[in-house]
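Data first, discussion second: the structure below is written as structure tokens.
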DNA sequence: GCCGTTACGGTCGGGCTGACCAGAACCGGC
DNA sequence: GCCGGTTCTGGTCAGCCCGACCGTAACGGC
């Protein structure tokens, strides 16, 4: 582990990186942004977008930069929150890297700019055969990110981070259904959302029906509440 | 944004530390472990026990070491979980330090070894006049730690980390009352705990009554559940 | 034995939830 | 225009959970 000529005092400085798990919803399914690392190195492996922390940069800034430089995503209104820090000494074979993981959520209406080696994967493909193989300990990070998102949908208004500024209750319900992977009763969902103070506010607009027809839905906007009382518990 | 003479590649390595917020309960009140830093430097200021991460050490190991070296606490059964990472470039005036904060909980029966400059403070003294002044951004960390503990008592069995292996339901209720700062109805609390599957298991022992007398209480142990269904919501 | 205290078990009404139903409003085809 | 299909919206009803409350059981102290 250490040679005889190495200094006795352990080095107390190490590389610090930020890896960001960006989730969004496309076509009613929850999707995760992954990057194909340098083609020379890990062929066929995928990783979360990550960058080293610059010495004049906050961790949040590094997270934004990782999305901007690696996937062309500059969404200032995207939800961004710290997930957890992964610092096992052997987690990166190239050396000791302490990685601060972030969870990012963007509305499904955002532009699908995915230049270079970025791609959105259906989260159900991740563990399945034929799906992308995740490098380093990123599978663990993704598992934690998904569990965090699923849990926070219950007791916070985080679901509104997946929808554009104006949305219908069906849009919001499809967010819950995509993240939790279960169907919800439209009528009960509606009653719960509108009776939770501050979750959504009704606008005076109505949305045009989808291709299959149906009665037009009212348009809502985000409310001021961040924590939901009572909570939207998973069935 | 960048000067012409500055090196293009910013330094991507920085000091990484672990700061641990240890909570316990003494005399029915929630308490926090604080350390008085080197007497020469910040006189009268208090800080969370923290150590730099060694290059062959996991973050969890550093958290354990911070408690062991600075407060003499070697509790292998103590609950320890990562809280959040604080990495603002200006958070430490001595230089860039990325600090991974941990939340630690120990039972109130643990030995009160507090050698050197460690002390347990009532959490209600922290913001109050005459209470300890916290160095760096540790007040922010303590606020986050308290909120995490209060929230996780609702939907996990974390409260059992505050009580010894054998406890009464009154012990467990006093944990909730101390952490949340509100009184709870004993009968309703009892009904809720015993009806939550896997929260506690009844033993065949009975505890001796307290100094004021009263009927002896049954003794319980921790159950196998980690998440509570349904949750113990704050009143 | 009496009393204060604590533990334990039960009742009652209100609120929330899931399952279900009915009407309203739109689209497309005939 | 009419009709069936689809979606949105509002309502009912039974069941569960919860807070407030009461009564009994079991101890120690006087």
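The values are calculated or read from the model by the stated rules, or taken from the named source; none is laboratory data. Given the structure is predicted, the values throughout are model-derived calculations rather than measurements. Please note: Cβ atoms are built from the backbone with ideal geometry, for glycine as well, and neighbour counts cover all protein chains shown.
If you take the residues of the stretch B:212-225 that are more than 10 Å from DNA strand C (Cβ to nearest atom) and surrounded by 11 or more Cβ atoms within 10 Å (Cβ to Cβ), which of them is nearest to the other protein chains (Cβ to nearest Cβ)? Full working, then the answer.
Going residue by residue through the stretch B:212-225, those that are more than 10 Å from DNA strand C (Cβ to nearest atom) are B:221-225.
From what's left, surrounded by 11 or more Cβ atoms within 10 Å (Cβ to Cβ): B:221-223, B:225.
Numbers: B:221: 27, B:222: 22, B:223: 21, B:225: 16 Å.
By that ranking, first place goes to B:225.
When you check residue A:121 against the structure, is it in contact with a strand residue (DSSP E or B) (Cβ under 6 Å, 6 or more places away or on another chain), assigned by TED's automatic domain parsing to the domain that holds residue A:202 and either within 16 Å of DNA strand D (Cβ to nearest atom) or under 27 Å from residue A:99 (Cα atoms) (or both), yes or no? It is false that residue A:121 is in contact with a strand residue (DSSP E or B) (Cβ under 6 Å, 6 or more places away or on another chain), assigned by TED's automatic domain parsing to the domain that holds residue A:202 and either within 16 Å of DNA strand D (Cβ to nearest atom) or under 27 Å from residue A:99 (Cα atoms) (or both). Among (1) out of contact with any helix residue (DSSP H, G or I) (no Cβ under 8 Å at 6 or more places or on another chain); (2) closer than 23 Å to residue A:151 by Cβ; (3) at pLDDT 95 or above, which single condition is residue B:179 missing? For residue B:179, the exception is condition (1). Apart from one condition, residue B:136 fits all of (1) within 14 Å of another protein chain (Cβ to nearest Cβ); (2) out of contact with any helix residue (DSSP H, G or I) (no Cβ under 6 Å at 6 or more places or on another chain); (3) away from DNA strand D (no atom under 16 Å from the Cβ); the exception is (1).
If I filter the stretch B:164-173 down to residues being in contact with a helix residue (DSSP H, G or I) (Cβ under 9 Å, 6 or more places away or on another chain) and over 27 Å from residue A:233 (Cβ atoms), which single residue comes out as surrounded by the most Cβ atoms within 10 Å (Cβ to Cβ)?
Just the residues of the stretch B:164-173 that are in contact with a helix residue (DSSP H, G or I) (Cβ under 9 Å, 6 or more places away or on another chain), to begin with: B:164, B:167, B:169-173.
Right, trim to over 27 Å from residue A:233 (Cβ atoms) and you get B:164, B:167, B:170-171.
Numbers: B:164: 13, B:167: 25, B:170: 15, B:171: 23.
Step by step, filter the stretch B:164-173, then rank; the result is B:167.
Looking at B:189, B:199, which is the one that is free of Cβ contacts under 8 Å to residues at least 24 places away in the same chain and surrounded by 17 or more Cβ atoms within 10 Å (Cβ to Cβ)?
On the way: B:199 fails: free of Cβ contacts under 8 Å to residues at least 24 places away in the same chain.
It is B:189.
The selection criterion, being out of contact with any helix residue (DSSP H, G or I) (no Cβ under 8 Å at 6 or more places or on another chain), away from every other protein chain (no Cβ under 14 Å), more than 8 Å from DNA strand C (Cβ to nearest atom) and over 25 Å from residue B:233 (Cα atoms), holds for residue A:203. Within the option set B:129, B:209, being more than 14 Å from every other protein chain (Cβ to nearest Cβ), more than 10 Å from DNA strand D (Cβ to nearest atom) and more than 21 Å from the chain's Cα centre (by Cα) holds for one residue only, B:129.
Only one of the numbered conditions (1) in contact with a strand residue (DSSP E or B) (Cβ under 8 Å, 6 or more places away or on another chain); (2) surrounded by 14 or more Cβ atoms within 10 Å (Cβ to Cβ) is not met by residue B:176, and that is (1).
The C-beta contact set for the stretch B:56-84 (first residue away from chain A (no Cβ under 14 Å) and part of a loop (DSSP other than H, G, I, E, B), second residue modelled with pLDDT under 90 and buried (at least 17 other Cβ atoms within 10 Å of the Cβ), distance under 8 angstrom, 6+ apart or interchain) comprises B:72/B:118.
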